[in-house]
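What follows is a set of notes on a single structure, which appears directly below.
The values are calculated or read from the model by the stated rules, or taken from the named source; none is laboratory data. Note that the coordinates shown come from a computational prediction; the quantities given were computed from them, not determined experimentally. As a convention, Cβ positions derive from the backbone with ideal geometry for all residues, glycine included, and neighbour counts pool all protein chains shown.
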Amino acid sequence: MWRPGPLGVAAARHGVLNHPGITFAGDTHGCLDHLIEAPPDDIIIHVGDFAPVDRPVSELLPPGVLERFYFIPGNHDYDRPAYRECLLEDPALAGRCLHGCVLQIGKLRVAGLGGIFKQRMWYPQKRLTAPEYPSPEDYIRTLPKKDRPGAGSSRRMRGAIWYSMWAQLACDRADLLVTHEAPTSHAHGFAGIDELARRLGATTVVHGHHHVDYAGTVCGGSVRVLGVGLRGLTRLDGRVLRAGMRSRGQGPR
Ligand SMILES: [Zn+2]
């Protein structure tokens, strides 16, 4: 029988083991069939990077998954307009996107933030720096009129984490924060994610993007972190149900 390790004990102290029935799906990059391996009663939260996809994502989910499925977008889900449409404009997924909001899922308040930090817009890696452009509107205003796109369609803007969304989310409260970008528990993580968790009062952060399974902490040990690997499945209590695939040479990070 499985017993919680040291991080599981920390999770129990923070109360999240009272609601262990969430499985996180790591970056899937084109294949969602393995989501069938999640325990049948679990909520499933996808941590971003579905791309490439060629049909509405709801049609790619295995049977019995849609009704318990939530997600955030990753950076690659904005690489092509078709990828974004298949995910963010799929009517069957309405109300299932956690990006920039907090939803009550079971007993937990769950906050989500998709995308990645982009150097040109806002890059709070080592510390919480001021943004170059706080919002998409601020950036678009700097472009010559002939180059001004519809919101979100400029290539440089795609998949960016905007300070305006971050700041609004940071005023809310949540138990769990789900991000695509990593906090500083990962070597390439960002202080901006640590600080968001701290302001939300979240005790756990779960992230994707780097295609690595690991457990760690940030904020002086008060916030637990789970990284989920490529096509991996990890439960909220820290159990790795399906280890991530080795990602070297297997496409975009
Ligand atoms: Zn990825």
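So the values come out like this:
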item: Enumeration of residues in the stretch 140-170 that are modelled with pLDDT of 95 or more, touching a Pro at 6+ places or on another chain (Cβ under 8 Å) and either of a type in the set (S, T, N, Q) or surrounded by fewer than 12 Cβ atoms within 10 Å (Cβ to Cβ) (or both); result: S164
item: Which listed residue, of A191, A215, is surrounded by fewer than 19 Cβ atoms within 10 Å (Cβ to Cβ), within 24 Å of Y78 (Cα to Cα), away from the ligand (no atom under 16 Å from the Cβ) and at pLDDT 95 or above; result: A191
item: Search result, residues across the stretch 96-116 that are over 16 Å from the mean Cα position of the chain (by Cα) and among the small types (G, A, S); result: G106
item: Single unsatisfied condition, G95 versus (1) part of a loop (DSSP other than H, G, I, E, B); (2) more than 16 Å from the ligand (Cβ to nearest atom); (3) more than 22 Å from A174 (Cβ to Cβ); result: (3)
item: Output for the stretch 53-83, where each listed residue is farther than 19 Å from H34 by Cβ and touching a residue at least 40 places away in the same chain (Cβ under 8 Å); result: P73, N75, Y78, D79, P81
item: Qualifying residue in the stretch 45-57 (condition: assigned to a helix (DSSP H, G or I) and buried (at least 17 other Cβ atoms within 10 Å of the Cβ)); result: yes
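Residue-by-condition table, conditions (1) within 28 Å of G232 (Cβ to Cβ); (2) out of contact with any strand residue (DSSP E or B) (no Cβ under 8 Å at 6 or more places or on another chain); (3) without any contact (Cβ under 8 Å) to a residue 40 or more places away in the chain:
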position: M121; (1), (2), (3): no, no, no
position: V178; (1), (2), (3): yes, no, no
position: H188; (1), (2), (3): yes, yes, yes
position: H207; (1), (2), (3): yes, no, no
